[in-house]
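First up is the structure itself, then whatever we jot down about it.
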Amino acid sequence: MLQIRSALDSERLDRVEHDLREVGFHIIENVITAEEADEAREAIWKFVEEDIANGFDHSYGDGKIRRVWAIVGKSPIFRGLIQHPTVVAVWKRMLGEDVIASTFTANIVGPDAPDGGWHIDYPYWAMQAPFPAGSLTGQTVWMLDDFTEENGATACIPGSHKTLRRPELGEAEGLESSVAVAPKGSIMFTNGAIWHQSRANRTDTPRVGLLGMYNRSVIYPQEDMPRQLTDDELAGESDVLKQLLGRNISFRDPDHGHNWHRTESGFRQV
Ligand SMILES: O=C(O)CCC(=O)C(=O)O
Ligand SMILES: [Fe+2]
């Protein structure tokens, strides 16, 4: 089981915030132990096998990069990681106390995979530029393998989030990038607007990462987070997890919300 050792002290949190605003990313090493990373990695491989058996296999990048969706409902390990205090502290600071999760998936960059392509993350890729300044969303890259120069680590272009737009085709190629090299169990936080990609994997071993995105609470999540756990499954879970899954947004609650709902007999306000 996941051992929570320490959350961040306020000095480190200040540094993370500074880097996310000014540089666009920040790495914290060894947030979980190598053994915990191994356990999570093994669980992901089980899901891959299940996805293949069920016909839900999602791959791209010449079929060599593989995605596992909706992992939070699939194992208590990921219910723990999505609400890890270090992660929640960072995103509460950047995105508000009422932050929600937007998507939590695994991304597996297999042997000989090409680079993933320079991009920005949701909701920016769904938005017209210029993007609003200030953070709408942030990415959490959990490294379940050592990330190296050779095995498909994530690369970012420092400062590119400040352009408040997506890269033009080919534009990022000539720019200096920074590769997230760190031991398994580490996290890279990124500003969701930064230009980034997974690099090509030139080794014979898959590189497994988890991607946890967090949004300001008014932004519709990328995955259907509220329904990843049933009411029964969620009953014994923490308030933080309920919040992250968007189960505590009172104005959206169909029974107690303040917005208008369509019913058989017209619209009503509840
Ligand atoms: O797995 C990675 O290194 C990054 C992938 C990524 O940026 C994404 O899927 O949005
Ligand atoms: Fe991305």
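The figures follow:
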read-out	value
Odd one out for residue 9, checked against (1) at pLDDT 95 or above; (2) loosely packed, with under 14 Cβ neighbours inside 10 Å; (3) out of contact with any helix residue (DSSP H, G or I) (no Cβ under 9 Å at 6 or more places or on another chain); (4) within 27 Å of residue 158 (Cβ to Cβ)	(1)
Helices (runs of 4 or more DSSP H) fully within the range 20-99 counting 1 or more residues that are among the acidic types (Asp, Glu)	34-54
Residue list for the range 186-212, filter: assigned to a strand (DSSP E or B) and basic (Lys, Arg)	207
Selected residue [outside any helix (DSSP H, G or I), aliphatic (A, V, I, L, M), modelled with pLDDT under 95 and farther than 30 Å from residue 35 by Cα] from 133, 129	133
Filter result (part of a loop (DSSP other than H, G, I, E, B), within 20 Å of the chain's Cα centre (by Cα) and away from ligand 2 (no atom under 16 Å from the Cβ)) within the range 220-237	220, 224, 228, 229
Subset of the range 158-179 that is within 15 Å of ligand 1 (Cβ to nearest atom), in contact (Cβ under 8 Å) with a residue 60 or more places away in the chain and within 18 Å of residue 130 (Cα to Cα) - its residue that is surrounded by the fewest Cβ atoms within 10 Å (Cβ to Cβ)	160
The listed residue being modelled with pLDDT under 95, away from ligand 1 (no atom under 16 Å from the Cβ), under 25 Å from residue 98 (Cα atoms) and over 17 Å from the mean Cα position of the chain (by Cα), out of 268, 252	252
Identity of the residue in the range 125-151, within 11 Å of ligand 1 (Cβ to nearest atom) and without any contact (Cβ under 8 Å) to a residue 60 or more places away in the chain, that ends up most open to solvent (accessible area, probe 1.4 Å)	125
Total residues in the range 180-206, condition more than 10 Å from ligand 1 (Cβ to nearest atom), under 14 Å from residue 152 (Cα atoms) and open to solvent by 10 Å² or more (accessible area, probe 1.4 Å)	9
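The values are calculated or read from the model by the stated rules, or taken from the named source; none is laboratory data. None of these values were measured; they are calculated from a predicted model. All Cβ positions, glycine included, derive from the backbone under ideal geometry; neighbour counts span all protein chains shown. The accessibility values were calculated without ligands, DNA or RNA, using every heavy atom of the protein model including side chains. Shrake-Rupley method; radii C 1.70, N 1.55, O 1.52, S 1.80 Å.
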